[in-house]
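Colleague: Structure provided below as structure tokens; questions to follow.
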């Protein structure tokens, strides 16, 4: 028998969690697709996916998406300034939460976190015709959030003067493979391909050029 417990959060921007205890092979494909949508997709997408779970295709498919990579400039220096690992985790959560909500508000899909890095994409699993424009607007809002946070952190004496609190962003639009990838026991709805790799390189190139926002030519 399949048991499920769904934990609802108060904020409409938060991602809800569906916990299931059952052998993987006993979970129907359509339910599995819905499970992954619960884990990874913004709440506003869920009714559409419930109506047509095949939109969240098992395996991979080629789509036109906008890939998003961001990280916090001078994160190592900021980490060294903080007094404890608990302080670092608190700051990371304070940073990641509003930026993630901004991505979701602009109809993006969170892929994963890697430390202070946020990896996301726009245009899948549901088609969003203006995903490139939404990605650009979302990135600008992310940077505005960080600017406001910098003033707050300096006022609270968490951030030393002159260090800054800036997120560097790389965006690129083009063909990529998106889908559920991994093993039969651990799946991740993610993206891969040259478009994705270039977005990651653009984000990294910000440090070399002294910029904070790079967008691919497409």
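The values are calculated or read from the model by the stated rules, or taken from the named source; none is laboratory data. Because the structure is predicted, anything quoted here is derived from the model rather than measured. Methodologically, a virtual Cβ is constructed for each residue, glycine included, from the backbone with ideal geometry; neighbour enumeration extends over all protein chains shown.
Colleague: Working only within region 109-145, note down all residues that are in contact with a helix residue (DSSP H, G or I) (Cβ under 7 Å, 6 or more places away or on another chain) and farther than 16 Å from residue 199 by Cα.
Modeller: Correct list: 116, 125, 126, 128, 141, 142, 145.
Colleague: Oh, and also: Among the residues in region 145-162, are any surrounded by fewer than 21 Cβ atoms within 10 Å (Cβ to Cβ) and within 14 Å of the chain's Cα centre (by Cα)?
Modeller: No, region 145-162 has no match at all.
Colleague: So, one more: Taking region 175-206 as the region of interest, how many residues are in contact with a strand residue (DSSP E or B) (Cβ under 9 Å, 6 or more places away or on another chain) and surrounded by fewer than 20 Cβ atoms within 10 Å (Cβ to Cβ)?
Modeller: 15
Colleague: Going by the conditions given, is residue 99 at pLDDT 95 or above, closer than 16 Å to residue 141 by Cα and buried (at least 21 other Cβ atoms within 10 Å of the Cβ)?
Modeller: Here the answer is yes, as residue 99 does meet what is asked.
Colleague: For region 111-124, give me each residue that is out of contact with any strand residue (DSSP E or B) (no Cβ under 7 Å at 6 or more places or on another chain) and at negative phi.
Modeller: 113, 114
Colleague: Quick one: would you say residue 108 is within 16 Å of residue 188 (Cα to Cα), in contact with a strand residue (DSSP E or B) (Cβ under 7 Å, 6 or more places away or on another chain), surrounded by 15 or more Cβ atoms within 10 Å (Cβ to Cβ) and modelled with pLDDT under 90?
Modeller: No: the conditions fail for residue 108.
Colleague: Do we find that residue 115 is under 16 Å from residue 172 (Cα atoms) and over 11 Å from the mean Cα position of the chain (by Cα) in this structure?
Modeller: no
Colleague: Could you list all residues from region 86-96 that are surrounded by fewer than 19 Cβ atoms within 10 Å (Cβ to Cβ) and either assigned to a strand (DSSP E or B) or touching a strand residue (DSSP E or B) at 6+ places or on another chain (Cβ under 7 Å) (or both)?
Modeller: 96
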